[in-house]
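Worksheet for the structure shown next.
The values are calculated or read from the model by the stated rules, or taken from the named source; none is laboratory data. These numbers come from a predicted model, not from an experiment. With ideal geometry, Cβ positions are generated from the backbone for all residues, glycine too; neighbour counts draw on all protein chains shown. When the accessible area is computed, the model is the full protein with side chains, heavy atoms only, and any ligands, DNA or RNA have been set aside. Shrake-Rupley method; radii C 1.70, N 1.55, O 1.52, S 1.80 Å.
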Amino acid sequence: MPYSSYLTPRKEVLTPEGVNGIIDVANIASDQEGKIEAKPELFFNLTYPTSDIKRVLEQINLRFNSKKASAGLFLFEALKGSGKSHLLLLIYNLFKYREIAEKWLANNQIDCVVPEDDFVVVLNKFTDNPESKIWNMIFEKLGVAPEAGPTHPKLKDFEKALGKKKIVLIFDELEQGIRCISDPALQAQNIAFLQMLSEYGNRSKNVTVFASIYSDREEPGSTLKRVSRCTVQLNNPKDRNAVILHRLFENWVTLDKSQILPVIASYLELWKKHCSFDPEIQKECFLQSYPFTPSLMEIVQKRIPSRGGFQNVRGSLEFLGNLVRLTWNQTDIITPGDASLDDKANTILLRDLDIGGEVINRAFENSEELKARLPLSKKLSSCVLLYTLTGVGGTKGALKEELCLDILSPAQDINQIELTLQGFSKYASYFHSGNGRYYFDLQENSEAKIEAGSLRFSDHEAYIFLCSIYQEEIFRDCSCSVIYNQVDTTKERLKEMDKNRLRFILSTRLLTQEERHNLYFGIENRNLLILIEPKDTSFNMAVDKDLLKWVKRIMAAKPLLNETEDSSKKADYEKIKKNDLGNILDRIKKAGFVFLHWENYGELISDDLLEREPLSCDGSKDKILERLSQDYFPEITMQEHIESRLANIKQRLVKEVRTEYISTLSFPVPVYDDRVTKALIALCRSGLIGIQHSHGNYCRTRPDLSDAELMQARIVDPFEDKPRVTQTTCPRCSSLPCKCVTVSPEPALPGSSALIKCPQCNTSPCICKKAQEVRERILPCSSLLALRQALAFKLEQYENVKITRIQYKIFLEKPDLGDLAVLPQSLRGSLTGRADLTAEIVITKTGILSKAELEQQVEKLPLLPEASYSADILLETEMKHGS
């Protein structure tokens, strides 16, 4: 039930303009609507009889209705907004409107009788009506012109002007009136005149002075305090509460407190479960402050004034009145959580404590970002902001127990408060904690900023981005890979790729056998299709909460890095992004990788046979190829498989055999393009098959054919390869046939010029082939695969070549490496963190190697991502004499 069921807000409280807490005595003669100063009856109705008012009225009654001595000077000393002007206006109305005043006195059971004598009432607000000679104003009111003289009027002159009249002097902003007199001598005369009147008032009841000042340490207070007086300082906290509540609610004074006891008891019972406090003290405080909670009144009445905010009762009245306007028909009570940051009036008032409004803006920004996710974000941000702006040092911010008291209600579960507090600590970029307190600050929390930004992205968006990380950062080749989505979508993507080369399907989860079967169905060259799945069968990137969280944080960090020009923030965002990317890579690699090795692809799914073969690598394309080539489909495996099927391949073209091997699941996978042709060449050299081509027939030797020619060659039964004599031009006459003079058949005599024939080639000079040493250099390549291909191309031009020595050079340079931990431990030891790295490995191997053995050796070299590979080769090859 809303508190308006018990308390009725005044009409002006509920208007957009709200409560006007300023009393200006200069408005007494105003005819503007709503000016309560000009309406004595309304003024008395809005006036609560505080202890200070009662004391002043008691002294007035004593002064005019008793023979006892009484002070003729009433000094109201307090800060702006404390009620000095209100009290002065009350005295003015008391003497000017006796009948209205008597009704109010009777209603409040106050015993004060104002004599029916005609009082001369002089009211002046010195900021609006400054006087260089205060006596002129008084003498004018008495109808007498003061005598001119070098000083202020003498007492006898004043007594003469006063006669038998009674005068009441009411001075507002008296300090300002004295301060504005620039002439020190004249200023002193005015102070002396006021002192004279005050002292005279103590001797005669015909003169009574009421004056408001800010401090008795400044003139004229420092002089007047030496006079016997009635001082009122307007600093009773209970009075301030009562003034505010009476001003806001029509029936607060007459409210039967027993009606609100059940409401207060229910809240106290709820709070006791989660907070520690003295129930009796809290109950008494709540009865005095209802519908405002004691904590809200303490903030408004103590913490805010101690920070120099608001203007005592005046500012508190305006702030709390605005909260009543916002909540009067909605809430049971009013707490700090109701000081909504959505309300412009609230934020304007709070700028008294936050010049420029930067902290307020940051709190509002965090509240807006989290309102959809955390239903209590508005209340929490309002509470924490009030405690932030009203505290200093160790009191800055709110304790958790204070937040529970301010937010907890029968409608709110304690768990919701806990979740909201945790959410702000995690996602609110300007929300901080320290010494057990929670507060807002201009210092940005980069972690929370990115966490909050990550909330903008859906799981689907994060998964798409995660897939790109898998392709780019782990597999490292997008041109020949596709992330598995749906069967049809994936097959469409595969059709866009080169079907004659290896294509990789990267699955982010364990596929069903039906999905695998349908995926391979109807695909061209499907033995060149490598399906990679996670080794961990429970792993699923699309639903992995940690992975999605890290990805969203990276997505949030990217625009922040582009937007900010602050180098420290940029460094924080970059660090968070790198750490999260590292977590993602580690998580995916930890799940492991397997490839699907088909043993049989059946007509029915139930007939399929396959094995999930583990790949002990980091998931990069090069490493996967290395493992496939070395562990599952080395060259010898391909050679043995073809050898077991010799009857099936004879009388067929080489390209037809290759097509069969790249198309048939369960056959060895041709990891590299030349695996099938290399195996056939090896079988040809070993004499198990023959190869026929229009350029020559080959058996027990390497076919002297280009790659394109070899594809058109036919595989036949082995045969005896007859030596082929290659006809060449004569080295002497450069003609074919030789046109040299015929050599005498007789043996040459010693010293004769006859040519001696070679016993091998029967030619003189000899044209037999001889071994010659050759050096070749392979320029730096970007990968091991590129090095192997370059070596194969370089050696293709030589026949019967023998490699006698090879030197490999591996060079890796990584300037400004983000973290050494991404490198193998063999390169970095146990070092981590940022560093510059330059590494060079030189490996020299000697001994007789064939081309095939050399290529196998290359595949065993260390694999360093982003390194360059080069080689220097020393080889022997047969060359002709004279060439």
- Is the shape of the range 1-96 rounded, prolate or oblate, going by the alpha carbon gyration tensor and its root eigenvalues a ≥ b ≥ c, with a/c under 1.5 for rounded and a/b larger than b/c for prolate? prolate
- Message: As a test question: what accessible area, to the nearest 10 Å², does Tyr267 have when a 1.4 Å probe is rolled over all protein chains in place?
- Response: 10
- Message: In Å², and per residue, what accessible area does the chain have when probed at 1.4 Å with the other protein chains present?
- Response: 50
- So how tilted is helix 459-469 from the main axis of the chain? Cα-based, degrees 0 to 90, rounded to 10. 40
- Message: If you fit an axis through the alpha-carbon atoms of helix 414-427 and take the longest principal axis of the Cα set of the chain, what angle between them do you get, 0 to 90°, nearest 10?
- Response: 60
- Message: Quick check: the distance between the Cα centres of the range 428-454 and the range 800-855, to the nearest angstrom?
- Response: 47
- Query: In whole Å, how far is the Cα centre of the range 137-201 from that of the range 210-254?
  - Reply: 24
- Task: Could you work out how far the C-alpha centroid of the range 271-338 sits from that of the range 460-497, in angstrom?
- Result: 59
- Item | Kirkwood Rh and Cα Rg combined as Rg/Rh, the range 204-346 | 1.08
- Note on the structure: Dividing the mean separation of Cα pairs under 8 Å (6+ apart) by the residue count of the range 515-610 yields a relative contact order in percent of 36
- Task: Just the number, please: percent antiparallel of the DSSP beta bridges in the chain, rounded to the nearest 5.
- Result: 65
- Which whole-number percent gives the relative contact order of the chain, counting Cα pairs below 8 Å spaced six or more residues apart? 7
- Item | Using θ = phi - 60° and Karplus 6.51 cos²θ - 1.76 cosθ + 1.60, couplings along the range 440-449 (whole Hz; Gly, Pro as x) | 9, 8, 6, 5, 7, 8, 4, 4, 5, 4
- Shape of the range 51-118 from its Cα gyration tensor (a ≥ b ≥ c, root eigenvalues): rounded if a/c is under 1.5, otherwise prolate when a/b > b/c, or oblate? oblate
- Sorted on mean Cβ neighbours within 10 Å (highest first), peptides 50-58, 670-678 come out as 670-678, 50-58
- Message: Compute the helix-to-body angle for 675-685: its Cα long axis versus the longest principal axis of the chain, expressed 0 to 90° and rounded to tens.
- Response: 20
- Sequence order, the range 302-313: Karplus ³J(HN,Hα) from phi using 6.51 cos²θ - 1.76 cosθ + 1.60, θ = phi - 60°, Hz rounded, Gly and Pro as x, gives 10, 5, 5, x, 5, 8, x, x, 6, 9, 6, 4
- For the range 55-186, the Cα convex hull volume per residue in Å³ comes to 139
- Note on the structure: Proximal lysine pairs in the range 564-664, meaning Cα under 22 Å and 8 or more positions apart or interchain, come to 12
- Note on the structure: Charge dipole of the range 398-522 built from unit charges on the beta carbon (Lys, Arg +1; Asp, Glu -1), centred at mean Cα; most positive-end Cα among Asn445, Tyr484, Ser425 is Tyr484
- Message: Under 15 Å between alpha carbons: how many lysine pairs meet that in the range 792-883, if sequence neighbours fewer than 8 apart on the same chain are excluded?
- Response: 8
- Query: Rounded, prolate or oblate: which fits the range 365-445 when a ≥ b ≥ c are the square roots of the eigenvalues of the alpha-carbon gyration tensor, with rounded for a/c under 1.5 and prolate only if a/b beats b/c?
  - Reply: oblate
- Message: Given the -39500 (n - 2.57) contribution per DSSP H run of 4+ residues, what per-residue ellipticity at 222 nm results for the chain, rounded to the nearest 500 deg cm²/dmol?
- Response: -12000 deg cm²/dmol
- Query: Can you list the lysines whose alpha carbon sits under 17 Å from that of Lys103, skipping same-chain ones fewer than 8 residues off?
  - Reply: Lys39, Lys54
- Task: Starting from the Cα-Cα distance between Arg612 and Asp31, subtract it from 0.36 nm times their residue separation and give me the gain in nm to one decimal.
- Result: 199.7 nm
- Task: Evaluate E = 1/(1 + (r/R0)^6) for Lys68 and Glu218, where r is the Cβ-Cβ distance and R0 equals 30 Å; express this FRET efficiency to the nearest 0.05.
- Result: 0.40
- Query: Share of the chain's accessible area from carbon and sulfur, percent, 1.4 Å?
  - Reply: 48
- Query: Among the aspartates and glutamates, which have Cα under 19 Å from the Cα of Lys11 when same-chain residues fewer than 8 positions away are ignored?
  - Reply: Glu33, Glu37, Glu41, Glu250, Glu318
